[in-house]
1. Hand me the list of helices (runs of 4 or more DSSP H) wholly inside segment 44-116 holding 1 or more residues that are under 14 Å from residue 11 (Cα atoms) and not aliphatic (A, V, I, L, M).
2. Please go through segment 322-361 and give me each residue that is within 26 Å of residue 443 (Cβ to Cβ) and hydroxyl-bearing (Ser, Thr, Tyr), ordered by number.
3. Checking the conditions here, which among 68, 17 is among the polar types (S, T, N, Q), open to solvent by less than 50 Å² (accessible area, probe 1.4 Å), over 25 Å from the mean Cα position of the chain (by Cα) and not assigned by the TED database to the domain that holds residue 212?
4. What strands (runs of 3 or more DSSP E) lie completely within segment 195-299 and have 1 or more residues being under 17 Å from the mean Cα position of the chain (by Cα), surrounded by fewer than 21 Cβ atoms within 10 Å (Cβ to Cβ) and touching a residue at least 60 places away in the same chain (Cβ under 8 Å)?
5. How many residues are over 24 Å from residue 155 (Cβ atoms) and touching a residue at least 24 places away in the same chain (Cβ under 8 Å) when one looks only at segment 36-60?
6. Within segment 324-337, does at least one residue satisfy the condition of being part of a strand (DSSP E or B) and touching a Ser or Thr at 6+ places or on another chain (Cβ under 8 Å)?
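The values are calculated or read from the model by the stated rules, or taken from the named source; none is laboratory data. Bear in mind the structure is a predicted one, so any value in this text is a computation, not a measurement. Note that each Cβ is placed from the backbone with ideal geometry, even for glycine, and that neighbours are counted across all protein chains shown. Keep in mind that these areas ignore ligands, DNA and RNA; they rest on the heavy atoms of the full protein, side chains included. Shrake-Rupley method; radii C 1.70, N 1.55, O 1.52, S 1.80 Å.
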Amino acid sequence: MPESRTVALVTLGCARNEVDSEELAGRLEADGWKLVDDAEEADVAVVNTCGFVEAAKKDSVDALLEANDLKGHGRTQAVVAVGCMAERYGKDLAEALPEADGVLGFDDYADISDRLQTILSGGIHAAHTPRDRRKLLPISPAERQEAGAAVALPGHGPTDLPEGVAPASGPRAPLRRRLDGSPVASVKLASGCDRRCSFCAIPSFRGSFISRRPSDVLNETRWLAEQGVKEIMLVSENNTSYGKDLGDIRLLESLLPNLADVDGIERVRVSYLQPAEMRPGLIDVLTSTEKVVPYFDLSFQHSAPNVLRAMRRFGDTDRFLELLDTIRSKAPEAGVRSNFIVGFPGETADDLAELERFLNHARLDAIGVFGYSDEEGTEAATYEDKLDEDVVAERLARVSRLAEELVSQRAEERVGATVRVLVESVEPGADGDGVRGRAEHQAPETDGQVLLTSGEGLAVGRMVDAKVVGTEGVDLVAEPLPGSPECSEEAGR
């Protein structure tokens, strides 16, 4: 294949998609493709789509159309859809969106280079017929690891590839190529989900839950550290289930200290935790292990028992508050975030008030609020007691206002505290350098950031202790502490 073949990857959606894009980038680079940042400079623009909710799907379609507009005006000759939306809809998406020159599912990832070459050469690769990927693996978790070898699992690539497949590769090199220079990277812990929440379609196109082996997760983390990564974030559809198909549901508790011991890694963060599956031992590890941040991304979704049961979920306001009390008894400054759905079918005014009671007492650092909408193929879409769209919209606005007020109050509670900040950007400004980073209680892109009052001696990837002196909504304003080793003249060299 000519060396001039270039490809750009445009990634939408969650951190799991970002990992998948970097796997695709690794495969393409290994086969001679040149990776470029700008779709205008690429022969092929590959859009890694999100298929979670209507807004995300619209964003994905818009990105595909925007890339298609480049054809005939620059270098771009083909636009290809991959990712969750492409997997979920397959040929239906191809028929509805002829602007996409190809729609590739997860099964195409191993042959991504050949698929793109075929499309670029004017050939056609028929899009797949959508199927329920939960049926590809055995029902019994204990039987999945062996069967998983024959199933496409994005982000589960091997970590013992030959030299040259990935930058600075060696015996630990994963099938992955970093697409930015951020000091933070996500690591896929598992794929799929065995929960059957009535509003969620993800298991149908991501499949049943299957864990990556601890050695693969550890080796990939070591490789990322070699690339200059300082913080890793473990991602999957449900990290609290990690290890159940490997015979040890407490495997995460033993893996975390090993990840924290990797040379160069300063922070380990765990995302996507299910409240109903939180174990005392996991809470202990998350709150007491050096370099493992006390951060809890808990998927509450609601707190009214009637709504939760209709969602096929467990818990209630008082149980959730007890869980938060347990966490904060061990780590008073622990970060906690969650998402909530309002306007779910059958949600009453009393149910909404119960959710507001929980929010008012939970002291969450970050809150995502979504209005319910039907997702095809889900149980909730068949429910009859739907709320009018205007009622859903009013409740969404009401709870969103409350959430904004509460997270601002929670940020103000941190004024006077000392936080450890990972510097992520240093930008020249009219009043000097604008230095931004994140404290332990803040995950990338979702939980706000820290604005440092001084950037002297600081660079991207540096850790600095700082005192919180103010807030801007959910964001903190902090002053680097004098004498902090990371701010010293020696550290700045």
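1. So the answer is 54-68, 84-89.
2. 326, 329, 338
3. 68
4. It comes to none.
5. 5
6. Among the residues of segment 324-337, at least one is part of a strand (DSSP E or B) and touching a Ser or Thr at 6+ places or on another chain (Cβ under 8 Å), which makes the answer yes.
Residue-wise test of (1) within 28 Å of residue 237 (Cα to Cα); (2) at pLDDT 90 or above; (3) surrounded by fewer than 18 Cβ atoms within 10 Å (Cβ to Cβ).
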{"position": "42", "(1), (2), (3)": "no, yes, no"}
{"position": "55", "(1), (2), (3)": "yes, no, yes"}
{"position": "61", "(1), (2), (3)": "yes, no, no"}
{"position": "81", "(1), (2), (3)": "yes, yes, no"}
{"position": "99", "(1), (2), (3)": "no, yes, yes"}
{"position": "103", "(1), (2), (3)": "yes, yes, no"}
{"position": "114", "(1), (2), (3)": "no, yes, yes"}
